[in-house]
Amino acid sequence: MKTKDIDALKDISGEDNIILSLEERSCYSYDSTRLEYLPDVVVKAKNTGQVSDILKFASQNKIPVTPRGAATGLSGGCLPYRGGILLVMVGMDRVLDINPVDLLIDVESGVITAAVDREAQKYGLFYPPDPGSVKTSTIGGNIAENAGGLRGLKYGVTKDYVNAMEVVLPTGEIVNFGTRTVKGVTGYDLVDLMVGSEGTLGIVTKATLRLLPTPPARASLLALFETMDAAARTVRDIVSGGVITSTLEILDNVTINAIEDYLKIGLDRSIGAMLLIEVDGQQGAVDVEAGIIMEVCKKNNAVSCKMAASEREREELWTARRAALSSLARVRPSTILEDATVPRSRLVEMIEAIGKIAKKHGLTIGTFGHAGDGNIHPTILTDLRDSAEAKKVEDATEDIFKEAVKLGGTLSGEHGIGLTKVKYLNLEIAPESYKLMKKLKDAFDPENILNPGKMFPG
Ligand SMILES: Cc1cc2nc3c(=O)[nH]c(=O)nc-3n(C[C@H](O)[C@H](O)[C@H](O)COP(=O)(O)OP(=O)(O)OC[C@H]3O[C@@H](n4cnc5c(N)ncnc54)[C@H](O)[C@@H]3O)c2cc1C
């Protein structure tokens, strides 16, 4: 970028909010993938007016702008692929208002997801979307990726909890989408268009999110199985048996061992698969549902199925689950995590296929994830510095995506396309739909300055 452009950004944002040194910019050149792209300048967002001025300036001067939340993204979404301005949103982190009658909370987009839930708890409410990164990720990043989480089966994903938002368009215009009402069908649903748009259509500066009353009772269960196959069948049978659990997570033997190596909490290393299950609601319903789940586990030859005896034991189980990715990431120098998702009825086939793909390419794949949503995370443990191994990983990844699509599934359940899946998009998106998506991008961002290279190549 030219010196005069940097000077203009200093005028707009104040010198304190601009980062130029190579060392500091390097700290902003990565996310939670293995990729790295260096921004020309890092700008800290402070308020909507400033974000608007930056985008207006960038549009007029054709400078790329990439919004960044907490950089926990797993598809390269916040990486400044074409350099330019990296706009860091974490400083806009205020909770603005909460209305316990309307069950709504207003926040700035840089607020941490767990902070929204903490605020809601003060009123006996909760914010259901809870990605594994809940303690770090931002609401803006969650909206951009339509983040899911551990409670997706019963409570849905981020898009189910966004009522309204303030957005700065790439041209610098400030617009408001959505309503504060329970219902609202006036015009096109631009809130839903923005959710999952991966920071390519506009920068979300504020959001009005839905909350729910905290269920009075819950029970957590841990079921162990000799095989992943048996665990996957149990997932299917629990749901078809009429129980919609709040959480239904699966972990395979590779993941269990990685977690045990890391946390040393006494997990059974010999076991083939583990299901972590939670039901919530009124106490009577919770008891009945927990009983049904125990029966289904027994029918599917679970080695054991028991309820967490205390809140401490429950917390330990969830800490173990949330540590799955970090634990696997310690095993080899590179970790390639995918989030192919299939209809729940095809989960058993998908899990079988991942086993075959690992064998075919001679790779170690740890699998865990939101089994109740048909959303699993096959995680390839590898060393990408070895070019022969890197080629095997590329081939295995493509096989995983092809299998998911063949089973009626999708390339990404929650992590988005970003940079990492751009080249696979045509496996799922038909040319007519792709053209329409591109027209929408052009309508929002005629100069293609906002997060270029994401979702669309180039
Ligand atoms: C350990 C771990 C566990 C995870 N578990 C889950 C999980 O269970 N479920 C799940 O869905 N994901 C999960 N993720 C992925 C990640 O946390 C989510 O995608 C999250 O939503 C990213 O939020 P972020 O604030 O880190 O965004 P970033 O990574 O900074 O950015 C992600 C995308 O959002 C865009 N963006 C950021 N802020 C804004 C804004 N204000 N306006 C417009 N665009 C913006 C960026 O340009 C980028 O495209 C996990 C990641 C890790 C590391």
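The values are calculated or read from the model by the stated rules, or taken from the named source; none is laboratory data. Values in this document were obtained by computation on a predicted structure and should not be read as measured data. Cβ placement follows ideal geometry from the backbone for every residue including glycine, while neighbour counts extend to all protein chains displayed. These area figures cover heavy atoms from the full protein model, side chains too; ligands, DNA and RNA do not enter into them. Shrake-Rupley method; radii C 1.70, N 1.55, O 1.52, S 1.80 Å.
Here are the numbers for this structure:
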read-out: Centre separation in Å (Cα based) which lies between region 416-454 and region 219-277; value: 36
read-out: Extreme residue, positive dipole direction of the chain, given options Leu103, Ala164, Ile336 (C-beta unit charges); value: Ile336
read-out: Exposure of Asp229 as accessible area (Å², to 10), given a probe of 1.4 Å and all protein chains; value: 50
read-out: Rounded accessible area of Met437 (nearest 10 Å², 1.4 Å probe); value: 60
read-out: Prolate/oblate/rounded label for region 343-384 (Cα gyration tensor, a/c 1.5); value: oblate
read-out: Sites Asp395 and Met437 - FRET efficiency at Förster radius 22 Å, r taken between beta-carbons, to 0.05; value: 0.20
read-out: Crossing angle, helix 253-263 versus the chain [Cα axis fit, 0-90 degrees, rounded to tens]; value: 70
read-out: Per-selection Rg to Rh, region 93-204 - Cα, Kirkwood hydrodynamic radius; value: 0.94
read-out: Thr319 accessible area, assembled protein chains, probe 1.4 Å, Å²; value: 70
read-out: Using a Förster distance of 35 Å, the FRET efficiency for Ala309-Tyr30 (Cβ separation, nearest 0.05); value: 0.30
read-out: Reachable aspartates and glutamates from Lys298, criterion Cα separation under 20 angstrom, eight or more residues apart if same chain; value: Glu226, Asp229, Asp237, Glu249, Asp252, Asp268, Glu278, Asp287, Glu289
read-out: Neighbourhood charge, 13 Å Cβ-Cβ cut-off, centred on Met194 and excluding it, Lys, Arg +1 and Asp, Glu -1; value: -3
read-out: Approximate shape of region 98-157 as ellipsoid semi-axes (Cα gyration tensor, √5λ), whole Å, largest first; value: 18, 14, 10
read-out: Cα-centre dipole for the chain with unit charges at Cβ (Lys and Arg positive, Asp and Glu negative), debye to 20; value: 460
read-out: Cross-link reach list, aspartates and glutamates versus Lys46, counting only Cα pairs under 20 Å and skipping chain neighbours closer than eight places; value: Asp5, Asp7, Asp11, Glu15, Asp16, Glu24, Asp93, Asp97, Asp106, Glu108, Glu166, Glu173
read-out: Low-density loop cleavage sites - trypsin sites (Lys or Arg not before Pro) in region 136-201, where at most 12 other Cβ are within 10 Å (DSSP); value: Arg180, Lys183
read-out: Set of lysines near Lys4 by C-alpha distance (under 17 Å), chain-local residues within fewer than 8 positions excluded; value: Lys56, Lys62
read-out: Charge dipole magnitude, Cβ of K and R +1, D and E -1 - region 308-458, Cα centre, debye nearest 20; value: 200
read-out: For region 266-378: span of alpha carbons on each principal axis (Å, largest first); value: 48, 31, 25
read-out: Ranked order, Asp40, Asp31 - accessible area, probe 1.4 Å, largest first; value: Asp40, Asp31
read-out: Volume per residue of the C-alpha convex hull in region 1-145, rounded to whole Å³; value: 115
read-out: Inter-part distance where region 135-191 and region 317-376 are each reduced to a Cα centre, Å; value: 28
read-out: Kirkwood estimate for the chain, i.e. one over the average of 1/r between Cα atoms, Å; value: 22.9
read-out: Share of carbon and sulfur in the accessible heavy-atom surface of the chain [1.4 Å probe, %]; value: 51
read-out: The chain, accessible area per residue, ligands and nucleic acids excluded (1.4 Å, Å²); value: 43
read-out: Region 190-325: C-alpha gyration tensor shape, a/c 1.5 cut-off, then a/b vs b/c; value: prolate
read-out: Karplus 3J(HN,Hα) series, Hz, for region 341-353 with 6.51 cos²θ - 1.76 cosθ + 1.60 (x for Gly, Pro); value: 10, 10, x, 3, 5, 9, 4, 4, 5, 5, 5, 4, 4
read-out: Table column - 3J(HN,Hα) (Hz), region 183-194, Karplus curve with 6.51, -1.76, 1.60, x for Gly and Pro; value: 10, x, 10, 7, x, 5, 8, 6, 5, 5, 5, 5
read-out: Rounded to 10°, Cα long-axis angle of helix 48-61 versus longest principal axis of the chain; value: 70
read-out: Gyration tensor (alpha-carbon) shape descriptor, region 274-313, a/c threshold 1.5; value: oblate
read-out: Estimated dipole of region 35-130 in Debye, rounded to 20 [Cβ of Lys and Arg +1, of Asp and Glu -1, Cα centre]; value: 400
read-out: Trypsin sites (Lys or Arg not before Pro) within region 356-433, DSSP loop, no more than 14 other Cβ atoms inside 10 Å; value: Arg385
read-out: 0 to 90° range, to nearest 10: angle between helix 3-13 axis and the chain longest Cα axis; value: 70
read-out: Potential extension, Lys356-Lys402 segment - 0.36 nm per residue separation minus Cα distance; value: 15.2 nm
read-out: Estimated [θ] at 222 nm from DSSP helical runs (n ≥ 4, -39500 (n - 2.57)) normalised by residues in the chain, nearest 500; value: -10500 deg cm²/dmol
read-out: Surface/4 of the Cα convex hull for region 295-453, nm²; value: 13.0
read-out: Part-to-part distance (alpha-carbon centres) for region 1-45 and region 52-101, which is given in Å; value: 12
